[in-house]
Amino acid sequence: MNFDPAEVARGTFLITATLFPIVNPLGGAPIFLSLTGNHPASVQKALARRISVNSFVLLMGSLSIGAHVLKFFGISLPAVQLGGGLVVAAAGWSLLNQPDRKNQDRESAGDADILTHAFYPYTLPLTVGPGSISVAITLGANLPKQIDSANMFSAEALAASTLGSMAVCVLIWICYASAERMGRVLGPTGTSVLMRLSSFILFCIGVQIAWNGVAGLMRHVR
């Protein structure tokens with residue numbers, strides 16, 4: 001069996017370059033900090049590590065078998081975009097209207113309790129949302145053509161999917177684990193402004209994803 005490292009490198013770059021701006025861990029870091037800033041740095045880093053691992057599983061699953069899972073359950077990609085977009089928009093709206101960190105300290109959840117929420121909502125939908133999943137599914141379906149591979153389960157396609165997802169998730173871990181340091185540099189006011197801006201962008205992303213889903217469903221109606 002032939003294994004072409006050049007094809008793997010090309011596929012890895014394609015996945016990383018496509019998914020990174022959509023996952024956007026740089027924009028997610030202020031939101032992560034606003035939700036976890038009243039916990040010790042060790043807890044934040046442990047949570048960041050869990051989020052990155054969960055994100056890797058989600059992205060790999062979407063890349064490799066996402067299209068097959070949707071087909072098995074009879075779910076269209078526009079339906080995923082519509083439902084997921086509404087969830088993301090609701091999360092963004094909630095974050096946009098939540099109190100500042102200094103007002104949250106009195107209602108702080110336990111350190112162990114916050115780690116149990118590593119998957120929902122920290123991984124899904126705040127980090128790897130429906131936009132990232134739908135793009136990953138589309139990438140997975142078209143990756144064999146992009147890297148001149150026979151099928152998605154070829155060695156090149158699996159290696160590219162693994163390395164590309166891993167690169168994105170390492171960047172997620174770095175950004176989230178460094179969120180507290182970024183908060184100290186920006187100060188309370190700067191962090192609050194950046195968090196509100198990121199939350200508004202998240203809300204707009206959710207609306208756009210939902211609208212894409214509506215547009216996709218309307219094409220089937222016609």
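For this structure, a couple of remarks:
- In the stretch 66-78, residue nearest to Trp211 (Cα to Cα) [restricted to those that are surrounded by fewer than 16 Cβ atoms within 10 Å (Cβ to Cβ) and aliphatic (A, V, I, L, M)]: Ile75
- Options Ser108, Ser94; residue that is at pLDDT 85 or above, over 30 Å from Gly140 (Cβ atoms) and exposed (fewer than 15 other Cβ atoms within 10 Å of the Cβ): Ser94
- Members of the stretch 1-25 found to be more than 11 Å from the chain's Cα centre (by Cα), under 25 Å from Met182 (Cα atoms) and surrounded by fewer than 16 Cβ atoms within 10 Å (Cβ to Cβ), listed by number: Ala17
- Pair list, Cβ < 8 Å and 6+ apart or interchain, from the stretch 83-95 residues that are under 17 Å from Leu217 (Cβ atoms) and touching a residue at least 24 places away in the same chain (Cβ under 8 Å) to residues that are part of a helix (DSSP H, G or I) and of a type in the set (Ser, Thr, Tyr): Gly84/Ser134
- The listed residue being part of a helix (DSSP H, G or I), more than 20 Å from Asn38 (Cα to Cα) and either among the hydroxyl-bearing types (Ser, Thr, Tyr) or modelled with pLDDT under 90 (or both), out of Gly164, Gly206: Gly206
- Residue selected from the stretch 111-143 under the condition of a type in the set (Gly, Ala, Ser) and closer than 19 Å to Leu158 by Cβ, by the criterion modelled with the highest pLDDT: Ala136
- Residue that is farthest from Asp4 (Cα to Cα), among those in the stretch 172-191 that are out of contact with any Leu (no Cβ under 8 Å at 6 or more places or on another chain) and surrounded by 18 or more Cβ atoms within 10 Å (Cβ to Cβ): Ala177
The values are calculated or read from the model by the stated rules, or taken from the named source; none is laboratory data. What you see is a predicted model; the values in this text were computed from it and never measured. Here the Cβ is made from the backbone with ideal geometry for all residues, glycine too, and neighbour counts use every protein chain on show.
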